[in-house]
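Notes to accompany the following structure.
The values are calculated or read from the model by the stated rules, or taken from the named source; none is laboratory data. Remember, it's a predicted structure, so these values are computed and weren't measured experimentally. Cβ sites come from the backbone with ideal geometry, for glycine too, and all protein chains shown count toward neighbours.
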């Protein structure tokens, strides 16, 4: 099993709170995992507009912090710029309010988000490696991690 397969398996296990516990109720370490996991899956699936308007968008305000915690400085910057492109204020926790924000985006904001989608999807940081490293460094939160090469 490779590191990505391990992270997928971990995301579906009882060792993580992702999808099982309300985001705001999770421990700080669990929030880091949940935010990175939600961000990457949603942006890969439909860009920042999908991420922000999805149920997982509740993690968006914390996502730049989570990325910095795992060492993904470049990705954190991209996400912070995407959030600012949508709203100069913190995004609402309400799914409905985030959807309304995305639906009200102007053409300039949409173009900005599309450019940031491309920048993020170029993966200036290896999120799999960094998230695996974070999980490995926090066995108290995620359990012991098998050793992988490469």
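From the list 81, 68, which residue is surrounded by fewer than 22 Cβ atoms within 10 Å (Cβ to Cβ), within 21 Å of residue 121 (Cα to Cα), without any contact (Cβ under 8 Å) to a residue 12 or more places away in the chain and out of contact with any strand residue (DSSP E or B) (no Cβ under 8 Å at 6 or more places or on another chain)?
68
Determine whether region 111-133 contains at least one residue that is crowded, with 16+ Cβ neighbours inside 10 Å, free of Cβ contacts under 8 Å to residues at least 40 places away in the same chain and over 25 Å from residue 27 (Cα atoms).
Taking every residue of region 111-133 in turn, at least one turns out to be crowded, with 16+ Cβ neighbours inside 10 Å, free of Cβ contacts under 8 Å to residues at least 40 places away in the same chain and over 25 Å from residue 27 (Cα atoms).
Please name all residue pairs, on different chains or six or more residues apart, with Cβ atoms under 7 Å, provided the first residue is in region 16-44 and is farther than 27 Å from residue 119 by Cα and the second residue is at pLDDT 95 or above and buried (at least 22 other Cβ atoms within 10 Å of the Cβ).
Matching pairs, first to second residue: 16/33; 17/34; 26/34.
Residue-wise test of (1) closer than 22 Å to residue 130 by Cα; (2) more than 13 Å from the chain's Cα centre (by Cα).
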{"position": "41", "(1), (2)": "yes, no"}
{"position": "47", "(1), (2)": "yes, no"}
{"position": "50", "(1), (2)": "no, no"}
{"position": "61", "(1), (2)": "yes, no"}
{"position": "68", "(1), (2)": "yes, no"}
{"position": "74", "(1), (2)": "yes, yes"}
{"position": "85", "(1), (2)": "no, yes"}
{"position": "101", "(1), (2)": "no, yes"}
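Looking only at region 7-32, filter to residues that are in a helix (DSSP H, G or I) and touching a helix residue (DSSP H, G or I) at 6+ places or on another chain (Cβ under 7 Å); which one of those is surrounded by the most Cβ atoms within 10 Å (Cβ to Cβ)?
32
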